[in-house]
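Below: the structure, in structure tokens.
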Amino acid sequence: MVFNTLTFVVFFAIVVAVHALPLGWTTRKINLLIASYIFYAAWNPPFILLLWISTVVDWYAAQGLVRAQRPSARRAWMLLSVVANLGMLLYFKYGTFLLHNFTALMAAIGVDYRAPEFDIVLPVGISFYTFATMSYTLDVYLRRALPARRFLDYALFVTFFPHLVAGPIMRPTELVPQFETPRRASVQQLCFGIGLMTLGLFNKVVLADTFLSGAVERVFDRGKMPGLLDAWTGTLAFSAQIFCDFAGYSTTAIGAAMCLGFNMPDNFRFPYAAVGFSDFWRRWHITLSSWLRDYLYIPLGGNRHGPARTNVALITTMLLGGLWHGANWTFVAWGGIHGAYLIAERGLRARFANYRPGPWAIFGLALLTYTLVNVTWVFFRAKDFTTAWHVLGGMVGVHSHAKAILPTIFLVAVALVIPGLLAAHWYMRDRTLESVIARTPAAVIALVWSLMAFAIVISQGSGNAFIYFQF
């Protein structure tokens, strides 16, 4: 079940209505838990077993961590959680990838190894809920948090349907306490939540799917060498598509939770107005960035042991962050390039520590950041390195005699969306959506909401899955 379908609209209306009934808080939480399992089972019911395994293993591992007296016992409980969660993730997401690479390695050294064929189906959202459940036991192990008091609250945290399959990646300390006391959305929360859901679906259905997807698919999926205009148009279109698709999901998820009376953290803060790559990662996929920082970068040493150790920690974190996104070396390259950007930025900041850029310098740095980020999106979107090199070659003008790939209508669509998206990011760079809405007349808000809702309804979409479902 995906947010951009009529099935979800009916499902969500029923969930909100049942949640508003005058029932006991425990009963309403059970209803939410059942609804979340139904939401996930709409894809593939047997994979609910994986959710149950993660939930039960991590619940008892956390309880064991609290009771354990010896450090070795605490490490054993922690490792049980990590091995169980990463084991499932490695098998389902990376099993085929590892097997193919092992086969290629054997062939490279002259061994004719023929791997058996496995038809492994990737459970939707496994990367997201695995990280969420691991943070629970890791926080208890590191004494950052206490275990949940009730199994029901923890089970609901794991399965809560707004964030279950594509984030935001929630921490138990952010959501479990909200399940301890009765919650219903106020009228203001309900209205704001519906507004966020409309904004998120507008980004996904109208911008990502209707305006941008056609140009992206023609450039990256047709196997042709694009010229300069086509390569840049397709890449810029994907940079906007991936933002509108993923930020659209996160915004819809946050709005859905708000309609039920719960709060979830922002996952995007207008990243295409970032000045520098550290600023970009403070604005892009914020909950993943903070997870990688807290559970990978800092344990690897962070910035506490000198520049060399910091650079190793940075590149390792970004390489693994790239691999988290998909079982393909192109994702590793994407993460590695971002790691190189961050290392270079740290060196430049140290070299020019006393430099204070003016407005035009800031604009130039932001434009450079946006351009270089777009280069990385080529590796993120391309299915293989051959396609990536073709697109990058087009972007630098290598294919000067290439035939046009994109029709005029696609060029116009991208030319309309990109400037508007960048203008919105720059206007909102140091603002919040709440503050802007608070200063905007109610009539204007109603008009904008109506136009977005109308555009969603008339868009001839087919309920395309969100891009990040594959991760």
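Within the stretch 87-113, being under 20 Å from residue 165 (Cβ atoms) and buried (at least 16 other Cβ atoms within 10 Å of the Cβ) holds for 88, 89, 92, 93, 94.
Within the stretch 354-374, residues that are assigned by TED's automatic domain parsing to the domain that holds residue 284 and in a helix (DSSP H, G or I) reach partners that are modelled with pLDDT of 95 or more and of a type in the set (S, T, N, Q) with beta carbons closer than 9 Å, at six or more positions or on different chains, in the pairs 370/239; 373/239; 374/235; 374/239. Within the stretch 76-89, not a single residue is within 19 Å of the chain's Cα centre (by Cα) and either of a type in the set (Lys, Arg) or on the phi > 0 side of the Ramachandran plot (or both).
Would you tally the residues in the stretch 176-210 being part of a helix (DSSP H, G or I) and either more than 29 Å from residue 135 (Cβ to Cβ) or in contact with an Asp or Glu (Cβ under 6 Å, 6 or more places away or on another chain) (or both)? Walk me through how you get there before you give the answer.
Taking the stretch 176-210 as the starting set, the residues that turn out to be part of a helix (DSSP H, G or I) are 176-179, 187-210.
From what's left, either more than 29 Å from residue 135 (Cβ to Cβ) or in contact with an Asp or Glu (Cβ under 6 Å, 6 or more places away or on another chain) (or both): 176, 179, 187-188, 190-191, 194-195, 198, 202, 204-210.
The total comes to 17.
The values are calculated or read from the model by the stated rules, or taken from the named source; none is laboratory data. All figures in this text were calculated on a predicted structure; none of them were measured in a lab. FYI the Cβ positions are ideal-geometry reconstructions off the backbone, even for glycines, and counts take in every protein chain you see.
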